[in-house]
Structures are given as C-alpha cells and as structure tokens.
1. Any residue that is at pLDDT 95 or above and under 30 Å from A281 (Cβ atoms) - is there at least one of those in segment 59-76?
2. From L235, L243, which residue is of a type in the set (A, V, I, L, M, F, W, C) and not in a helix (DSSP H, G or I)?
3. What's the number of the only condition in (1) exposed (fewer than 14 other Cβ atoms within 10 Å of the Cβ); (2) over 24 Å from F163 (Cα atoms) that K295 fails to meet?
4. Just the residues that are near the ligand (Cβ under 6 Å from one of its atoms) and touching a strand residue (DSSP E or B) at 6+ places or on another chain (Cβ under 7 Å), please, taken from segment 10-28.
5. So in segment 111-138, with the set limited to residues that are touching a Leu at 6+ places or on another chain (Cβ under 7 Å) and among the aromatic types (F, W, Y), which one is nearest to I5 (Cα to Cα)?
6. For segment 305-338, enumerate the residues that are assigned to a loop (DSSP other than H, G, I, E, B) and either of a type in the set (S, T, Y) or buried (at least 17 other Cβ atoms within 10 Å of the Cβ) (or both).
7. Restricting to segment 140-172, give me the number of residues that are modelled with pLDDT of 90 or more and in a helix (DSSP H, G or I).
8. Restricting attention to segment 227-249, report how many residues are surrounded by 15 or more Cβ atoms within 10 Å (Cβ to Cβ), farther than 27 Å from N304 by Cα, among the hydrophobic types (A, V, I, L, M, F, W, C) and free of Cβ contacts under 8 Å to residues at least 40 places away in the same chain.
Amino acid sequence: MPLQIVRNDITKMQVDAIVNAANCSLLGGGGVDGCIHRAAGPQLLAECKTLGGCETGSAKITKGYNLPCKYVIHTPGPIWRGGKSGEEQKLISCYQSSLALAKEHNCKTVAFPLISSGIYGYPKAEALRVAVNTISSFLLENDMTVYIVIFDLKAYRISEKLFFDIASYIDDNYVKSHTDDSDDILMRRMSPQEFSQALPCYAFFCDTFSSAMGSKKSLDEALSKLDETFSQMLLRKISEKGLSEVQCYKKANVDRKLFSKIRSNKDYKPSKATALAFAIALELSLEETKDLLLKAGFALSHSNKFDIIIEYFIEHGNYNIFEINEALFAFEQNLLGA
Ligand code: AR6
C-alpha cells in the first residue's frame with residue numbers, strides 16, 4: 001500500500017528516510033525533533049550545524065546516524081496563526097520539498113510525522129488532511145511507500161461529526177445484526193423468491209439449477225459465468241468504468257507490483273482489504289462490491305466494525321480511500337489496500 005497511516009514512534013521506523021518536524025535553525029528542539037536528535041546521537045546535531053538553517057516549507061537532508069533509517073529530512077513547518085497567514089500552502093510545501101528530496105536520494109520508503117501539529121499548533125485533523133492529499137498527489141506520479149506516523153491516537157481525531165456519524169451507523173447496524181430480527185434470521189424465514197432477490201448469489205444458484213433441470217441454458221454456460229475469477233472481474237470492471245489500469249490501482253492505493261500479480265494470474269486471491277480497495281477505486285455500489293468480494297471468497301458482515309465502516313462510506317457515495325482509511329484508523333481498524 002503506497003500510503004499508510006501507522007501508529008508508532010517515528011524513530012523506530014525501518015525506512016530509507018524519516019522526516020523531522022524541525023525549526024528554521026535546524027539545531028534541535030522539543031517534540032519529534034527532540035526525539036529524533038536523542039535517538040540519532042550528537043553527530044546529527046553536528047551535521048545540522050553545517051547546513052545554515054532552513055526556510056519554512058523547504059527541506060534539507062542529513063544522514064540518520066544511530067537511527068534505523070539512512071536519512072533524516074528536516075523541514076520546518078508553519079506556526080499556526082489562525083489559518084489566514086498562508087499556513088496551508090507552507091505545510092503543503094513541507095511535504096512536497098521533503099518528498100522531492102527523498103526521491104532525489106532514491107528513497108523507496110519514507111515516514112512523516114504530522115508536521116506542525118504539535119508545538120506549532122496546526123489543528124490535527126487539518127494537518128492530516130493536508131498530509132494525505134499532498135502525499136497522495138505525489139504518489140500518483142511516483143513509486144514510493146510513504147508512512148504517516150501518528151504518535152498518539154488520543155491526540156488525533158477525524159472530524160467529530162464524521163466520527164459520531166460513523167459511530168451511530170456502526171451502532172445501528174451492529175445492533176440490527178445482533179437481535180432476533182437480524183438479516184440472517186430474516187433470510188431464513190423468507191420465501192425462496194424473496195431470498196433470491198436479497199441474495200444475488202442464491203439467485204444465480206437457482207438460475208443454474210433450474211437451467212440445468214430444464215436444460216434450456218446449458219450448465220456449461222451457467223458455469224462459465226461462475227468461472228469469472230476476481231482478476232477477470234476486476235479487469236472487466238476497470239474497462240467498463242472507463243478507467244485505465246494505472247488510474248485504478250493508484251486510486252485503490254495498491255502498488256504496481258501487486259496489481260501486475262493480480263493481472264497476470266487469473267486465479268489470484270487478494271486479501272479482503274485489497275479486494276475492497278478495488279471496489280472503492282471502481283466506485284462500485286454495495287451490491288457490486290459484494291459480488292467482487294465474493295469472487296475473492298469474502299463477504300461483508302454486520303458483526304464486523306471494519307465492514308460496517310466500509311458500508312457507511314459506500315452508502316454515502318464517498319469513495320475517497322484516504323478518507324476511509326482515516327476513519328478506519330480512528331476506529332482502530334485495519335486499513336484498506338494491500
Ligand atoms: N514519533 C512520531 N510523532 C511524534 C513523535 C514521535 N516520536 N513525537 C511527537 N510526535 P511537534 P511541530 C508528533 O511538536 O508542531 C520542535 O521544538 C506530535 O504528536 O514535534 O511541527 C521543533 O524544533 C505531533 O502530532 O512538531 C520546532 O520548534 C507531531 O509529531 C517545533 O517543535 C508534530 O509535533 C515544531 O513543531
């Protein structure tokens with residue numbers, strides 16, 4: 001997954017480069033800057049002293065010394081002054097300059113803290129949005145794995161309204177599936193006709209069965225429908241939606257290598273998170289999503305928070321995978337993608 005949000009201490013990340021939320025002197029400070037200098041050792045400060053400082057929104061690179069990464073990219077973020085002093089543009093520029101420097105040094109994996117969102121006071125949800133949008137635009141043109149490292153979950157929140165909307169959606173649906181009126185139980189009470197409307201897979205079975213019995217449509221023909229694998233269905237949907245393959249896997253936050261594996265092996269079985277990431281990239285309806293999942297051997301369930309959150313976004317027509325991942329992260333669920 002090219003962009004990942006993870007909970008960790010950035011000084012522990014095993015990546016080519018970590019980014020430091022520095023100040024313009026580059027001579028160390030508190031917050032993540034202090035952690036990085038402590039973990040890297042005094043040689044980092046010695047090298048920083050030779051750099052002559054750095055402007056807000058620009059970036060400079062040093063070695064990683066005692067850190068597990070090869071490089072540290074130092075970028076001073078903007079101080080939050082209410083949002084009308086060009087803070088957002090400066091913050092975007094921090095991510096862009098750092099990514100450009102990482103690319104120049106052939107870094108394949110880079111980890112960012114949420115720049116400016118601590119001592120510099122940038123509102124966390126906004127800081128995260130800028131990070132996600134800027135990094136994902138960069139990843140549309142570049143192959144790299146980028147981590148946004150969140151240190152403290154309590155300090156991080158998606159917007160309260162979205163959080164509560166999703167929480168109540170989970171409550172409603174979770175409760176529904178844990179009472180006697182749950183879908184499963186209703187299904188069992190339904191007539192075969194009602195049941196078949198509710199469950200396309202069952203309808204297909206009935207179709208196949210009655211065709212075989214009536215032998216109008218051959219069983220072979222029916223089975224050939226069943227034979228469409230995940231990979232084949234995915235490629236078909238991509239072309240039906242008028243997307244290019246690259247557009248689709250980038251939108252799904254899936255890397256090129258994994259996509260070529262799926263493409264070249266018609267029987268490839270992806271993980272549920274990958275299958276769902278493609279459903280989101282293709283902007284499939286809930287029914288279509290269930291069909292695609294079924295091809296990979298999965299289903300959406302109401303006894304699973306992860307599934308309900310995905311369903312919430314599909315029902316609300318919001319197919320922004322990064323927003324979905326932020327919400328999954330806020331509810332401590334696995335993220336979509338590879
Ligand atoms: N790993 C990952 N994230 C961390 C860590 C860590 N070890 N420690 C803190 N964070 P801040 P700023 C998060 O204050 O707002 C320094 O004095 C933290 O929760 O480190 O850009 C510099 O020298 C927050 O979300 O940086 C500057 O003077 C994010 O990192 C000034 O602070 C950034 O918080 C820069 O302020």
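1. Of segment 59-76, the ones at pLDDT 95 or above are 59-76.
Now restrict to residues that are under 30 Å from A281 (Cβ atoms): 73.
Yes, segment 59-76 contains a residue that is at pLDDT 95 or above and under 30 Å from A281 (Cβ atoms).
2. Selected residue: L243, the only one of L235, L243 that is of a type in the set (A, V, I, L, M, F, W, C) and not in a helix (DSSP H, G or I).
3. Failing condition for K295: (1).
4. Looking only at segment 10-28, we keep the residues that are near the ligand (Cβ under 6 Å from one of its atoms), and these are 10-11, 21-23.
Passing the criteria: I10, A21, A22, N23.
5. Among them, the one singled out is F138.
6. The first filter runs over segment 305-338 and keeps only residues assigned to a loop (DSSP other than H, G, I, E, B), leaving 316-320, 331-338.
Once the filter is applied, which keeps residues that are assigned to a loop (DSSP other than H, G, I, E, B) and either of a type in the set (S, T, Y) or buried (at least 17 other Cβ atoms within 10 Å of the Cβ) (or both), segment 305-338 yields Y319, Q333, L335, L336, G337, A338.
7. Qualifying residue count for the region: 0.
8. Result for segment 227-249: 2.
The values are calculated or read from the model by the stated rules, or taken from the named source; none is laboratory data. Nothing here was measured: the structure is a model prediction, and the numbers come from that model. Backbone-built Cβ (ideal geometry, glycine too); neighbour counts: all protein chains shown. Surface accessibility is based on the protein's heavy atoms, side chains included, excluding ligands, DNA and RNA. Shrake-Rupley method; radii C 1.70, N 1.55, O 1.52, S 1.80 Å.
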